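Below is one structure, written out as structure tokens, with a few remarks after it.
The values are calculated or read from the model by the stated rules, or taken from the named source; none is laboratory data. As the structure is a computational prediction, the values presented were derived from the model and not from experiment. Cβ sites come from the backbone with ideal geometry, for glycine too, and all protein chains shown count toward neighbours. Surface areas here come from the heavy atoms of the whole protein model, side chains and all, with no ligands, DNA or RNA. Shrake-Rupley method; radii C 1.70, N 1.55, O 1.52, S 1.80 Å.
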Amino acid sequence: NHLDEIANKYPDADALIVCHQNIRWTYSEFRAEIDKLATGLLQLGVEKGDRVGIWGPNSYEWCLAQYAAAKIGAILVNINPAYRIVELEYALNKVGCRALITAEKYKTSDYLAMLNELAPELADARPAALNLKALPDLDLIIRMGEQKSPGMLNFADVCELGGEEEYQQLSAFKQTLLPDDPINIQFTSGTTGKPKGALLSHCGILNIAAHIGDAMHFTE
């Protein structure tokens, strides 16, 4: 709701700049892209309270995923981009991720290869209807990039799935979301034990961002 208010107030101001991806969106453009992903997730059956993992380095897709998940009441789960297979399996199963949005790779980490090693059934799986032994809660994997991968959907394609019904659902969600609803799960480093998932709310994330913005002297 707050993003919509800002987009209405400053529609032509810069909202998101991602230099390495040649992205420069105004608030109105940013909101439109968020809504496309949000309605695509709704069309795929992602519901309020579902956990949606995001695995990869900084990207515009990451930004869209956080806001899109928040708009439909889903909970974004930040997966450490340095995780190896065992850590990935633990994190996804610990919080019961229903969907995972993943980059292709980052530095020496080949995310798609690791996912296929963890879940070899992906080679013959039907996208959006996964049945993976190692990841029993995971129904769909959405991969970034233009190439196709067996068992996975492409991020850009998901953003084109939403229709009029999903946009009406998205509008209705505004009346049901509350400031204290969960929006994000971040894992601690784990130190001497396994990582612990920390749950953050809409209000908490928004206040953190506001304080950081003030400290950095951001304008609209």
- Item | Amide H contacts under 5 Å for Ala15, placed H, 5+ residues apart | Trp25, Thr26, Tyr27
- Query: In percent, what relative contact order does the chain have, based on Cα pairs under 8 Å that are 6 or more apart in sequence?
  - Reply: 19 percent
- Query: In nm, to one decimal, how far is the modelled label at Ser28 from the one at Glu164, with both set 7 Å along Cα→Cβ?
  - Reply: 2.4 nm
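Considering only protein heavy atoms and a 1.4 Å probe, what is the carbon-and-sulfur percentage of the accessible area of the chain?
Values: 6110 of 11780 Å².
Answer for the chain: carbon and sulfur cover 52 percent of the accessible area.
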- Rounded to a whole number of µm²/s, how large is the Stokes-Einstein D of the chain at 25 °C and 0.890 mPa s, given Rh as the Kirkwood radius over C-alpha pairs? 136 µm²/s
- Message: For the ranges 87-97, 28-38, 63-73, what's the packing order if you count other beta-carbon atoms within 10 Å of each residue, average per peptide, and put the highest first?
- Response: 63-73, 28-38, 87-97
- Under Karplus coefficients 6.51, -1.76 and 1.60, residue-wise ³J(HN,Hα) of the range 172-178 in Hz, glycine/proline x: 5, 4, 4, 7, 10, 7, 10
- Apply 1/(1 + (r/R0)^6) to the Cβ-Cβ distance of Ala209 and Asn80, taking R0 = 22 Å, and write down the FRET efficiency to the nearest 0.05. 0.60
- Message: Quick check for me: using +1 on Lys/Arg Cβ and -1 on Asp/Glu Cβ, what's the dipole size of the chain about its Cα centre, in debye to the nearest 20?
- Response: 700 debye
- Note on the structure: Whole-Å distance linking the alpha carbon centroid of the range 9-43 with that of the range 194-220 is 19 Å
- Ranked by GNM mean-square fluctuation in the chain (Cα springs under 10 Å), the top entry among Ala198, Ala99, Ala82 is Ala198
- Karplus (6.51, -1.76, 1.60) ³J(HN,Hα), θ = phi - 60°, over the range 29-35, in Hz, Gly and Pro reported as x: 5, 4, 4, 4, 5, 4, 5
- Most fluctuating of Asn80, Asn22, Asn58 in the GNM of the chain (C-alpha, under 10 Å) is Asn22
- Message: Can you give the local net charge around Lys71? Use residues other than it whose beta-carbon is closer than 10 angstrom to its beta-carbon, Lys and Arg +1, Asp and Glu -1.
- Response: 0
- With the 1.4 Å probe rolled over protein heavy atoms, the chain has an accessible area per residue in Å² of 54 Å²
- Message: Take the residue pairs Lys48/Lys148; Lys9/Lys196; Lys133/Lys174; Lys148/Lys174; Lys105/Lys133; Lys107/Lys174 and return only those whose Cα atoms are more than 30 Å apart.
- Response: Lys9/Lys196; Lys133/Lys174; Lys148/Lys174; Lys107/Lys174
- GNM top mover of Gln21, Gln186, Gln169 - the chain, alpha-carbon springs below 10 Å: Gln21
